[in-house]
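Everything on this sheet refers to the single structure shown next.
The values are calculated or read from the model by the stated rules, or taken from the named source; none is laboratory data. The structure presented is a predicted model; accordingly, all values stated were derived computationally and were not measured. Cβ placement follows ideal geometry from the backbone for every residue including glycine, while neighbour counts extend to all protein chains displayed.
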Amino acid sequence: MGLDTGYLSRLITNFQKLGLVVRTRNQADGCAHLLTMTDEAKTAVDEMNLHISAETSTLLERLMSGEIEQLTKGMADIERLLSPLPNGAVDARLRSPRGGDFGWMIERHVHLQSSERAQLTNEAYAASVIARFLGAMQADTPRIAYWVAEQEGKARVEAALFSAESDSQARIELLFVEPSARGRGLGAQLVAACTNFAHGAGYENVVCRMNVVHEDLCGLSLCAPSSSLRRSNRAE
């Protein structure tokens with residue numbers, strides 16, 4: 001917990017005086033002590049846990065199921081943003097869309113832009129792409145797909161749309177990775193999912209369309225602003 005050793009020693013001494021902790025010397029290591037909670041301490045902790053649980057239940061009872069889901073996702077985002085950055089790749093699960101995902105995708109495309117003008121332009125662009133894609137979904141259009149990547153705790157960190165540009169060519173649109181999750185291989189994992197789907201759906205080429213340059217994604221050679229990079233029957 002990063003506690004100062006002097007402060008920790010005073011804290012344990014106070015717990016002993018209150019009858020909450022018993023300290024005994026470790027027979028296997030003369031320089032160490034073993035700490036044990038007393039029955040009084042365990043009872044006090046149980047009472048506090050019950051009080052906290054009751055307060056939490058009171059707060060949550062007024063929320064509807066959709067609001068509880070929104071709260072859970074928000075807490076997962078907070079944990080992801082404040083947690084130390086892990087080394088190497090991060091495990092993420094790709095899933096199909098759920099209610100609210102498309103609106104979240106538009107919102108994230110707005111806030112990932114720095115200037116107000118860029119935000120408005122990007123919101124209009126993202127909304128038009130989403131509207132077109134939702135229309136295709138409602139019409140049961142084949143050979144289209146959409147992915148959201150979730151880290152542990154169900155925090156959403158990236159997404160992409162995949163649809164047909166022609167009978168032989170597919171396109172990836174609105175691909176993005178949250179800034180705090182970049183540089184860990186998640187973008188490559190998402191592009192691989194898109195290209196694998198393209199192969200199974202019988203497309204010959206895959207292109208990526210982006211209305212704004214994302215330098216973090218330029219390492220994925222498939223992506224270029226308002227351009228098409230083609231390589232037959234393989235990921236680009």
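Points to keep in mind about this one:
- Residue 71 surrounded by 13 or more Cβ atoms within 10 Å (Cβ to Cβ), modelled with pLDDT of 85 or more and either out of contact with any Gly (no Cβ under 9 Å at 6 or more places or on another chain) or in a loop (DSSP other than H, G, I, E, B) (or both): yes
- Criterion applied to 100, 153, 135 was being at pLDDT 85 or above and at positive phi, and the one residue passing it is 100.
- Subset of segment 19-36 (residues that are in a loop (DSSP other than H, G, I, E, B) and surrounded by fewer than 12 Cβ atoms within 10 Å (Cβ to Cβ)): 19, 26, 27, 28, 29, 30, 31, 32
- The residue list 55, 67 contains one member that is over 30 Å from residue 13 (Cα atoms) and not assigned by TED's automatic domain parsing to the domain that holds residue 11, which is 67.
- Every pair of residues 6+ apart whose Cβ atoms lie under 6 Å, when the first sits in segment 158-171 and is free of Cβ contacts under 8 Å to residues at least 60 places away in the same chain while the second is buried (at least 19 other Cβ atoms within 10 Å of the Cβ) and assigned to a loop (DSSP other than H, G, I, E, B): 170/203
- Members of segment 145-183 found to be more than 17 Å from residue 93 (Cα to Cα), of a type outside the set (D, E, K, R) and buried (at least 18 other Cβ atoms within 10 Å of the Cβ), listed by number: 162, 163, 170, 172, 174
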